[in-house]
1. Could you please give the count of residues in region B:62-89 that are under 23 Å from B:Gly286 (Cβ atoms), facing chain A (nearest Cβ under 7 Å) and not aliphatic (A, V, I, L, M)?
2. Taking the conditions exactly as written (more than 7 Å from chain A (Cβ to nearest Cβ), buried (at least 24 other Cβ atoms within 10 Å of the Cβ) and under 16 Å from the mean Cα position of the chain (by Cα)), does B:Ile134 satisfy them or not?
3. Quick check, is A:Glu355 free of Cβ contacts under 8 Å to residues at least 40 places away in the same chain, more than 12 Å from chain B (Cβ to nearest Cβ) and closer than 21 Å to A:Leu520 by Cα?
4. Are there any helices (runs of 4 or more DSSP H) wholly within region A:54-162 with 3 or more residues that are β-branched (Val, Ile, Thr), and if so which?
5. Can you tell me how many residues in region A:204-233 are buried (at least 16 other Cβ atoms within 10 Å of the Cβ) and at pLDDT below 95?
6. Identify all residues within region A:255-274 that are crowded, with 24+ Cβ neighbours inside 10 Å and not in a helix (DSSP H, G or I); write none if there are none.
7. For residues that are closer than 14 Å to A:Ser487 by Cα, in a loop (DSSP other than H, G, I, E, B) and in contact with a Ser or Thr (Cβ under 9 Å, 6 or more places away or on another chain), tally how many sit in region A:528-547.
8. Sort out which residues of region B:140-156 are farther than 13 Å from B:Gln224 by Cα, assigned to a loop (DSSP other than H, G, I, E, B), in contact (Cβ under 8 Å) with a residue 24 or more places away in the chain and of a type outside the set (S, T, N, Q), and write them in order of number.
Amino acid sequence: MPRRFVIKVTGAAGQGIKTSGLILAKSLKEAGLFSFGYTEYPSLIRGGHNVFQIEISDKPFASVSLQLDVLMALNEESVRLHQQELGKDGYLLFDQGAFNLNEEVKNALQTRNIQIIALNLLDMARQSGGSAIMKNIVSLGAIWKVFGLDLAVLTKVISEIFQKNTEAIPVNIKCAEAGFQAIETNSTDTNSLNKIFKNNPEFADYLIIGGNEAQGLGVIAAGVRLYSSYPMTPTSSLLTYLAKEGTKYGMIVKQAEDEITAANMVVGAYFNGTRAMCATSGGGFDLMTETLSLSGMLETPFVAIIGQRPGPATGLPTWTAQGDLNLAVYAGHGEFPRIVMAPGDIQEAFQLTAEAHNLAEKYQLPVLMLTDKFLGESMYTTPVFDQEHVSLNRGEIISEENADKSKTYLRYQQTESGVSPRWLPGSKISTFAANSDEHTGKGYTTEDAQEAAAMQEKRMLKETAVKQNLPDPTVYGDTGAEIGVISWGSNKTVILDAIADLESQGLKIAFMQITYIWPLKEIVISDFIKSKNIIATIECNYRGQLRTLIKQSTGLDIKDKLQKYNGRPFYIEEVVNYLKSLQVKTI
Amino acid sequence: MQEPNKVTSPLTQNNSVKNPALQDFQSPVMPTWCPGCGDYAIWSCLKQALVQQNLGPMDVLLCFDIGCNGNMVDKINAYCLKGLHGRVIPLAAGAHLANKNLPIIAIAGDGGTFDEGIQHFIHALRSNYRITFILHNNCDFGLTTGQATPTTPEGQKMNSSPYGVMETRLNPLQLALSAGATFIARGFTGNMSQLTELIKSGMQHNGFSYIDVLQHCPTYNDFQDLKWTKDRVYNVQEDGSYPNTRENAYKITDYSNEKIPTGILYQDKASVSFLDKLTYRQNYQGILKDEVKKYDITDSLKEFS
């Protein structure tokens, strides 16, 4: 396994666990270390079991491990649920003010040489002049000491976090110091991350950012001017982020009464010439499907994000999944072309939003972006987004100035590519009807057999153009390897991390990430499959939706597969072990 | 609350045709409505209202729902948009937000609006988008051959209700008032000059203007024919003493009254439309349509560094 240092902070919701995670990640970055933060929480406001896991390394990565080095337990349940995840020589920190460890647990931990450190967080917070809500800051001080890092880095970040409430800074720093010093007196054998890792000062310039925020920045940068949405986990934080940040750029952020409205507003706004989008989860997208079909028929651009979580029905609202690929590819009545794409990491979450709008406008069709809870709500360390890479392409729009006055324009003109240049209502060019009924070039309703077939063929022609022009899937790792894996979406990073690890052990793997899933580039994919002795798909769903789609498009069976559908993302250990098992097959 | 943005009217733009006339709106497609259908009158009044406001075919966006009303989409030469059943309001609202300078009229029937689109109606009234909503209220589903809608009287036998409608009759005007309507009017296809004026007044209103049009359906509605309605309607604006209050409008629109009021039943003259309430757009006087460009997000990155 690649050397990582893993800490899990767990307790009841409302104990400030998310803030602790943010402070830790920012402090680690300041200390020149790379971290990845992953949260687990139930669908409750308060109470329930909250988890924040931070993994630390000196090399970029973005995945989670099963084994912990440190468990910070803020309540008794945390010990019961997670103590077995602690590896040998790990640390258990627990809040003695909240509960006591029973002998059985103590013995079990000691046989694994786990150091047990009891802290009375409430007493320590009070003695530092703080209140109960500052227990999490005390615990951060203690953790920082276990890390063996410089306290000044942590207190600097705490000062920054509380900069809007300067009065709170001194007491929070005191709380952190109290936690830090408590470890010094109780235990001398602290683990210095500086000994395990080589710190990299470059990381200090990186961002600590969640997937939804990154996507939100992509939405702003892409020139989206209307964002309409109905809250639904895991994309609710995108709505709240844009309501706060997008509006600073004048973007209209409209919380709609339902997903049907959100989607129709996007179509209406795009029809009248601005960029608009909405986001939801699978359940909300169910309500948008008729509008998706409308976008297909009107040939009006439409962009939606589907942040996946496990279904069916309400499913596991706050957990992760990749079960909505079929939904994205097949949703909507009738047949019409569409594009389905899935960003794989934080950089793609930012960059691909503009691309989604470019494609929607260029081909005048709906574009769906599949993300998931893991991508949307994990906290990434990442280089500052390259804004130079963001470019806008609005497709063919006829303006009053460049319209040829002698020409009769038809909105749904038959063309070679199937794309008919559009112009915006209000332009002094020519009237037309954008008609949800089958229509003529002018947009008038028709039931004529020939006209109906010709218009359906015109729309579907765009799929050919899209397929020719979409980027091919990317192949990572050793492209010539005997073993190939194919995956999509947020699995990208755990697979890349596993490949990097196995490479150091001499195992070579080629990994194809399909970012643009529909229309599927079946020739490139087919060639990749045929070039491998062993081929497998990795997906967070039960049926193997990508695998089935590939079979349907290429006629090729992919026998090996790693699938998961319990709401958890793939852990690095699972992927490493699976890929090793594929190697055994080659022998 | 901060001062709202300067009130903007979409009716002050450059027009596509000098002195537009009715024939400018003439489409080569002939109407398909039944003989005697109220849609002919609404169709004519709509064109009249546009012409009288000096608006040409390329100066407006007409949005249609599904139903006999929606068949108007190609019977009028203008920029037209036809969406899905019950969904015309959010479609028109999105279009309006993108280009507030383009006057937008949304047209729908009582079936789509008060059955599966009722949430859109209620929330658009709450949002108070500056669009005009013309409701073809004929108390039945015409295009699907005469089923009941929420405005069909209770007990009325319809082809899907052979034992009579079991449900209470919905009162759209009272519903609109309780949802915070800032402009409600009722027209009647038997009085075209009044209906034309109502459409014009609605288009001048800075907010969501709801014009409920009592419309005869000669094929499926024999319980409220033209004469039935004509005998009951009166114009509230007739003598100039109409009390313009929500309470009064609520009272006179009740189904228990023998007479049916028409005219502008309530208007909040100080109405502030959705866009004019967006204080965060005070520095953006233009329209969203013209604001699509790449935005530099450097300032927003600070929070994450």
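The values are calculated or read from the model by the stated rules, or taken from the named source; none is laboratory data. In this text the structure is predicted, and so the values were computed from the model without any measurement. So basically every Cβ, Gly included, is an ideal-geometry build from the backbone, and we count neighbours across all protein chains shown.
1. Within region B:62-89, residues that are under 23 Å from B:Gly286 (Cβ atoms), facing chain A (nearest Cβ under 7 Å) and not aliphatic (A, V, I, L, M) number 1.
2. yes
3. yes
4. A:135-147, A:151-161
5. Of the residues in region A:204-233, 0 are buried (at least 16 other Cβ atoms within 10 Å of the Cβ) and at pLDDT below 95.
6. Result: A:Ala256, A:Asn272, A:Gly273, A:Thr274.
7. Going through region A:528-547 one residue at a time, the tally reaches 2.
8. The answer is B:Gly142, B:Leu143, B:Gly146, B:Pro150.
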